[in-house]
Amino acid sequence: MNLTPIFDKDKLKRPFLIAGPCSAESHQQVLQTAQELLATKQIDLFRCGIWKPRSSPNSFEGIGESGLPWLKEIKEQLHLDSCIEIGKPEHLEIALKYDITHFWIGARTSVNPFMVEEIAKSAKNLDISIFIKNPIAIDIKLWYGHFERFYKYGISRLAAIYRGGSTDIPHTYRNDPSWLHLIDFKQHYKDIPIIFDPSHIAGNRHLIQALTQKALLLDVDGLMIETHCNPEMALSDKEQQLPVSGYQHLLQTLTFPQSTKHSVAQNDLANYRLSIDEIDDALIALIGKRTELSKMIAAYKKEHNLPILQVDRWQQVLNETKSKSIQLGIDPDLVIEIFQKIHQYSIDVQEKIIVEND
Ligand code: PEP
Ligand code: MN
C-alpha cells in the first residue's frame with residue numbers, strides 16, 4: 001500500500017494525540033471541552049461521538065446531526081479538526097456537509113465486512129482520513145482486510161485504533177488488552193500508524209495511566225483518550241472519561257520513548273541482541289534434542305505396548321518446573337505454559353510414531 005501519512009511522528013516528537021468526549025451532548029460541553037484541551041497545547045485531533053452505538057436503545061444514542069455545527073465551529077474558530085465515528089454511508093454523507101474530514105469505524109461496525117465495504121464504497125476517492133478500530137470480538141484478519149477495503153476505494157490516509165476485545169470472563173478491564181494483537185498488527189502493517197485507546201480498554205479512568213505507559217513502551221504511534229469537561233455529568237462512558245486536568249496530569253506522568261530509528265541506542269542494543277540470539281539458538285537446539293529423545297521413547301513404548309501419557313511422570317515434571325522457576329524468580333505460570341506446549345508436542349510426535357507404523 002502506498003499510504004499518505006496523517007501525521008509526522010518524528011516531527012511531533014511525541015505520540016499523535018486524539019482527545020475529546022465520548023459523545024457530543026451540548027454546545028456548551030463540546031466547546032468547553034475543546035477550549036480546555038487546546039489550552040493544554042497537547043491535542044492534535046478532537047474526538048467526539050455524534051451517533052453512538054449503544055447496547056440498549058433506551059440509552060443516549062448520540063445527539064446526531066445537530067451536533068455537527070458545533071464541530072464546524074471548533075474547526076473554523078479554534079482551528080481544531082474533529083474525528084467522529086461513522087457506522088453507515090449516510091453518516092459520512094451528512095458529516096461531509098459540515099467539513100469533517102477525519103472519521104473512525106467503531107468496534108461494533110468493524111465486525112461486519114458488508115457494512116465496512118458499503119462505507120468504503122461511499123468514501124471512494126474522498127480526501128479524508130479513516131481510522132479503523134479493531135472488531136469488538138477481535139478477528140485480526142477481518143480487521144486487516146478493512147484497510148485493504150478502504151485502500152481499494154482510493155483512501156490512502158489510514159490508521160488503526162486498538163481498543164482491546166470484549167470478554168465475558170470477569171476481568172480488571174472492560175475490554176481485554178491482548179497485547180499480542182497489537183504486536184501482530186505492527187508486524188503485519190509496518191506503515192499503518194496504530195493509535196492506542198486505553199479508555200475503552202480500561203472502562204475506568206483510574207486504570208488508564210498504567211495501560212497507556214505499557215502501550216507506549218510497545219511503540220504505539222498515538223493515543224485516543226476520552227476527555228470531558230465534566231465527566232460526572234457525561235451521558236455515556238462516564239466512568240472512563242478523564243477531566244481535562246486528569247488528561248494533562250496523565251501526559252505529564254507518561255514517559256514517551258524516543259524513536260529508535262536514528263539513535264545510537266541501536267548500536268548498544270545490537271550487543272545485547274547478539275547474546276539473546278545465542279540463547280534463542282540454544283533453546284531451539286535443545287527442543288530438537290528433546291524431540292529426538294521423545295522419538296526414542298516412542299519406539300520403546302510401542303515395543304512394550306505402553307501408553308504415551310504417564311500422568312504421574314508429567315505431574316512430577318510440572319511440580320519440579322514450578323519450584324525451579326520460583327527459585328529463579330521467573331513467573332511459574334509462563335514456564336508451565338511453555339512446558340505444556342512442549343509436552344503436547346512430544347505427545348503428538350510419539351502418537352505419530354506409534355500409530356503410523358502400525
Ligand atoms: C467510542 O470511541 O466512543 C466507541 C464507541 O468505541 P468502541 O467502538 O471502541 O467501543
Ligand atoms: Mn466511549
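The values are calculated or read from the model by the stated rules, or taken from the named source; none is laboratory data. Note that the structure is predicted; figures quoted are calculated from it, not measured. Ideal geometry is used to build each Cβ from the backbone, glycine not excepted, and the neighbour counts take in all protein chains shown. When the accessible area is computed, the model is the full protein with side chains, heavy atoms only, and any ligands, DNA or RNA have been set aside. Shrake-Rupley method; radii C 1.70, N 1.55, O 1.52, S 1.80 Å.
Some notes on this structure:
- Subset of the range 226-251 (residues that are within 15 Å of ligand 1 (Cβ to nearest atom) and in a helix (DSSP H, G or I)): Pro231
- Residue match in the range 185-195 (condition: within 16 Å of ligand 2 (Cβ to nearest atom), under 22 Å from Leu45 (Cβ atoms) and under 11 Å from the mean Cα position of the chain (by Cα)): yes
- Complete set of residues in the range 62-91 that are farther than 17 Å from Gly20 by Cα and within 16 Å of ligand 1 (Cβ to nearest atom): Gly87, Lys88, His91
- In the range 251-270 there is no residue that is touching a strand residue (DSSP E or B) at 6+ places or on another chain (Cβ under 7 Å) and in contact (Cβ under 8 Å) with a residue 60 or more places away in the chain.
- Selected residue (criterion: nearest to the chain's Cα centre (by Cα)) from residues of the range 35-61 that are of a type in the set (Gly, Ala, Ser) and at pLDDT below 95: Ser55
- The C-beta contact set for the range 56-73 (first residue under 21 Å from Pro89 (Cα atoms), second residue basic (Lys, Arg) and open to solvent by 40 Å² or more (accessible area, probe 1.4 Å), distance under 6 angstrom, 6+ apart or interchain) comprises Glu61/Arg54.
- Residue that is modelled with the highest pLDDT, among those in the range 252-291 that are outside any helix (DSSP H, G or I) and open to solvent by less than 70 Å² (accessible area, probe 1.4 Å): Leu254
- Filter pass, Glu25 being under 23 Å from Ala202 (Cα atoms) and either modelled with pLDDT of 95 or more or not in a helix (DSSP H, G or I) (or both): yes
- Scanning the range 224-238 for residues that are open to solvent by 10 Å² or more (accessible area, probe 1.4 Å) and of a type in the set (S, T, N, Q) yields one hit, Asn230.
- Within the range 92-117, being away from ligand 1 (no atom under 14 Å from the Cβ) and either surrounded by fewer than 16 Cβ atoms within 10 Å (Cβ to Cβ) or hydrophobic (A, V, I, L, M, F, W, C) (or both) holds for Leu92, Glu93, Ile94, Ala95, Leu96, Lys97, Asp99, Ile100, Thr101, Pro113, Phe114.
- Residues in the range 4-55 that are free of Cβ contacts under 8 Å to residues at least 60 places away in the same chain, within 16 Å of ligand 2 (Cβ to nearest atom) and closer than 25 Å to Glu76 by Cα: Ala24, Val30, Leu45, Phe46, Cys48, Ile50, Trp51.
- Enumeration of residues in the range 154-200 that are of a type in the set (Ser, Thr, Tyr), closer than 22 Å to Ile119 by Cα and within 16 Å of ligand 1 (Cβ to nearest atom): Tyr162
- Flag if Asp139 is charged (D, E, K, R), under 20 Å from the mean Cα position of the chain (by Cα) and away from ligand 2 (no atom under 16 Å from the Cβ): yes
- Subset of the range 303-329 (residues that are open to solvent by 70 Å² or more (accessible area, probe 1.4 Å) and either in contact with a Lys or Arg (Cβ under 7 Å, 6 or more places away or on another chain) or of a type in the set (Val, Ile, Thr) (or both)): Val311, Ile326
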